[in-house]
Each structure stands twice: as structure tokens, then as C-alpha cells.
Amino acid sequence: MARRARRAGRPQRAPWAGPLGLYHPGATVLHRARPGLKLAGLAVLGVAVVVATGPLSAVLALGVAALLALVGRLPPHVTLRGLGPVLLTAALVGAYQWWARGWAVAVEVAVDLVALVLTAVVVTATTPSDRLLDTLTRLARPLRHVGLPPETFALAVGLMLRTVPVLARTAHEVRDAARARGLERDPRALLVPAAIRTVAHARSVGDALAARGLGEEPDGRPSRRARP
Amino acid sequence: MIELDAVTVTAYASHDGRSEDVVTLLGPVTCRLTERRIAVVGANGSGKSTLARLVNGLALPSSGSVRVDGLDTSRDGPAVRQRVGFVFTDPEAQLVMPTPLEDVALSLRRLRLPAAERDARARAVLERFGLGERAEVPVHALSGGQKQLLALAGVLATEPAVLVCDEPTTLLDLRWRRAVDELLAGLDQQVLLVTHDLDAAERAERVLVVDGGAVVFDGDPHEGVAAYRALMSGRRPW
């Protein structure tokens, strides 16, 4: 009751929008860096945290990620709020690893996870999605040989970035609807409509992309999907 | 010019969950739409959205043909979609990227412009639509009206010759409805507007009334709206 009263007195927050995908305009050295370089840096850090073992290397990786976030001037409050579920996941995974394999592995796994996600946040927050798509399209050129248009691959990444806040909002609305019917403790009232709405949203997005001619070859050649 | 020649759209439907029947969603429809402002009105489920989707090639005819400026939607789908923009009722599904600037730039990608030019054109389009100051805010933070305006901006950025709008103002309040109506009225494009707003339908040059999958009226807007009102009077929705 007290918890509900505290909530009622607080100003409302915008729905959680996930850690990735939101660009923060700026003129820092990271904003000016080429997207390919930033993606390469992210890949190097990913390999480094796998190769280097022990809690010290994980803490070092997290320090690098935090330093990059500072250099990129990411808004701390928004970044931490976006990372909330990742921190929770890291805590749960860390707790399990502590029980199963000891504190050193627990710290390494949990901190590695946070360091990697934070670095990915830095990349997406300092790179406009449009530039990221350009880079991914270039990187994905070899996929054309196996029948996957690079533009389609890049578009899929863009869609993933946008879908997280949409799914978060869907979950929020479904929870409200269940609460309005007094069914907030019934998992079916939460999971079933959320799943149905997610599929419906995916179909609508597919229609909208087709209507905009996205996913079709820019020179007008039909993609596999558009071919009647 | 939009030409529908003996178009029918059919689909499988199951009434008892076991067997499937083929039902006709629309048609046969034959018409040539040359006017700049055309409205389509009809009850929910009457087939008006199916008619709209045919024009962009989102739905393909089961028989007959649909042509836009001579291009067949079944044969020349991508070329048709370059000529025909489509705006949906719910902009949420149409907005793909995290910010308005990036979403409009996404539309421009298929023009294969250099990144800087794409950026400049996207900003110019957003300014034109009054969204210049919101160019880099998250899309999910925009109001419903701003989202619909952004969806329109994204479609019009590529300068299509025809714009099909499937109930673009249904989810909007009166202010935004008026703003979107004014914007559509000022466009150079041929506009096919599916709407429940009978005032907007009366402002068109031609009205099609769709009922039970058939075009039951095609002609003068005032007569068309009167015919639609007469059709719906006394009819219960269930």
C-alpha cells in the first residue's frame, strides 16, 4: 500500500526503451570516429573479454567501457536506466556462478556482460543509425553471394534497435489491461496478449516496410519477398 | 492514373475451425481514377482497406489487374511502390528507426544518395512538416499526431506520384486531424484517402462507397456521402 502511495506521488517516467539504439547527438571524439572503427573496437573488446580470464581483466574491461561512456558524454541517468535489466541479469547470473563455481568466476561473468553491453551502448549512442546501416551494409556485402541483400541485413539490425522500446511499451500496456480487469497475477493474461500483439506488430511492420519499398533492391529489382 | 480492371480479391476463411471456404473480399471492381483527390468510405470490414492496399501492391488481385501509370502491381511491384506511397492508420508500425531524422533518412536510402545529402534532405523534410526541432528525439517520445506527421514525412520524402492513406486520422484528436487534413489538401500528389471522416470525404473530387466488398457508389462526393449515410441508417453493427 505504502509502495503504491509512493508511486502515486511521483512524476511519471517515459516507458523504458532498452539500453541500445538511442543516438545522443554530440561532437565528442567518439561521435566523430568512423562507425567501422567503433564496431571493430567493440569486436576487439568482445574477443578480449573471452580470451582474458579472471576478475581483474573483467574489471579492466568495465573500466574501459565506463571511460568510453564518459568520453562520449552519455547522460548517466538515462544510460543507467537503460542498463537496469542488464544489471539485474548480470546480478542473477553472477549469483548462480558464485554458487556453482566461486566468486572469481561470478565477478568475471557478470562484469564482462555489463562491460560488453555498455560498450555497445556507447557505439549506438554516438553513431546515428543511418551511418551504422551504411557501415553494416558495406560489411555485409559478401552475404550477397549467399542470396542475402546487404541492405536487408542492415535493415534487420535497424529494426532490432527500434523493436525493443515497442515491445517494452506493449508489455506495459498489456500489464495495464490485465490490471484493469483484476488479472495482474494471472500469467496467461500477460503472456498471451503480449505474444499475440508482438506477432501482430511484426506483421504490421512487414507491411509497412513493403509499402515503403524497403527491403527491395534500390534499382527497382524485386526482392524475393516482393516477387508475386 | 490508377486503373482497376475487373479486380477481385479472394481469401480462405474458416467458419467452424475445420473446413475452409473461399470468400470474396472485394470485387469485381472496374474503375479509372484520374482525379487528384479521391475518398473511399465504407463500414468496417467492407473492403475499403483492401482496395487501398491493391494500389500500392501490398495486396495483389486474385483476378483482374491493377495498374498505376501503366505499371502493373503484380508484375512491377517495386516500381509501383516507388510511385505510390502508403500511410497506415497506426504510425507506430510504420516508424522503423529510433529518431525522426533516422527514419526519414531510411526512406531516402533507396534513392542511393550520399550520406550527407540524405541527412540534409531528411532535415529539410522534417522542417517542412514542422518536426525540425524534434528531429533527434526518440520516436516513442512523440505524440500520436507527431508520429502520424512523421509517417507522412517519411513517405513523402521520396516524392511519390500517388499517396494512399488508410484512415490516417482515425487515431488523432481534432487538432491533429485538422493539421493532417490541411497537409494532405496542399499536396501535389494524387491522393487516395480511405476515411471515416465524412467531412474530409466531401472535400474530395470523387467518392467511392464500398459495402460488402463491392463499390456501390462512385461519383460526386456530396451524393456519395449521402448514399453512404442512407446505406448505414438503421443498420446495426452486429
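Some observations on this one:
- Considering residues of the stretch B:54-84 that are out of contact with any Gly (no Cβ under 7 Å at 6 or more places or on another chain) and within 8 Å of another protein chain (Cβ to nearest Cβ) only, the residue surrounded by the most Cβ atoms within 10 Å (Cβ to Cβ): B:Asn56
- Tallying residues that are open to solvent by less than 30 Å² (accessible area, probe 1.4 Å) and either more than 13 Å from every other protein chain (Cβ to nearest Cβ) or of a type in the set (A, V, I, L, M) (or both) within the stretch B:127-147 yields 7.
- Any hit, the stretch B:207-225, residues being outside any strand (DSSP E or B), more than 20 Å from B:Cys31 (Cα to Cα) and open to solvent by 30 Å² or more (accessible area, probe 1.4 Å): no
- From A:Arg32, A:Arg73, residue being open to solvent by 40 Å² or more (accessible area, probe 1.4 Å) and at positive phi: A:Arg73
- Number of the condition not met by A:Trp103 [criteria: (1) under 17 Å from the mean Cα position of the chain (by Cα); (2) more than 14 Å from A:Leu22 (Cβ to Cβ)]: (1)
- All positions within the stretch B:101-149 that are without any contact (Cβ under 8 Å) to a residue 40 or more places away in the chain and among the hydroxyl-bearing types (Ser, Thr, Tyr): B:Ser143
- Of everything listed in (1) acidic (Asp, Glu); (2) out of contact with any Leu (no Cβ under 7 Å at 6 or more places or on another chain); (3) not in a loop (DSSP other than H, G, I, E, B), the single unmet condition for B:Glu35 is (3).
- Test: residue in the stretch B:29-45 that is in contact (Cβ under 8 Å) with a residue 12 or more places away in the chain, within 7 Å of another protein chain (Cβ to nearest Cβ) and surrounded by fewer than 23 Cβ atoms within 10 Å (Cβ to Cβ): no
- Of the residues making up the stretch B:95-109, just one is of a type in the set (S, T, N, Q) and touching a Gly at 6+ places or on another chain (Cβ under 6 Å), namely B:Ser107.
- Single residue of the stretch A:131-152 satisfying the filter (within 21 Å of the chain's Cα centre (by Cα) and charged (D, E, K, R)) that is nearest to A:Lys38 (Cα to Cα): A:Arg131
- Residue in the stretch A:9-18 that is closer than 15 Å to A:Ala120 by Cβ and either open to solvent by 60 Å² or more (accessible area, probe 1.4 Å) or modelled with pLDDT of 90 or more (or both) present: no
- The residues in the stretch A:150-179 that are within 12 Å of chain B (Cβ to nearest Cβ) and over 14 Å from B:Leu106 (Cα atoms) can be counted, and the count is 12.
- In the stretch A:121-156, the residues that are small (Gly, Ala, Ser), surrounded by fewer than 20 Cβ atoms within 10 Å (Cβ to Cβ) and in a helix (DSSP H, G or I): A:Ala156
- Close contacts from the stretch B:170-198, counting a first residue that is of a type in the set (Asp, Glu) and a second that is assigned to a loop (DSSP other than H, G, I, E, B), with Cβ to Cβ under 7 Å and a gap of 6+ residues or different chains, come to B:Asp181/B:Thr169; B:Asp197/B:Thr169.
- Residue match in the stretch B:179-190 (condition: touching a helix residue (DSSP H, G or I) at 6+ places or on another chain (Cβ under 9 Å), modelled with pLDDT of 95 or more, of a type in the set (Val, Ile, Thr) and open to solvent by less than 10 Å² (accessible area, probe 1.4 Å)): no
The values are calculated or read from the model by the stated rules, or taken from the named source; none is laboratory data. Note that the structure is a prediction, hence the values are computed from the model and not measured. For neighbour counting, all protein chains shown are included, and Cβ atoms are generated from backbone atoms with ideal geometry for every residue, glycine included. Surface accessibility is based on the protein's heavy atoms, side chains included, excluding ligands, DNA and RNA. Shrake-Rupley method; radii C 1.70, N 1.55, O 1.52, S 1.80 Å.
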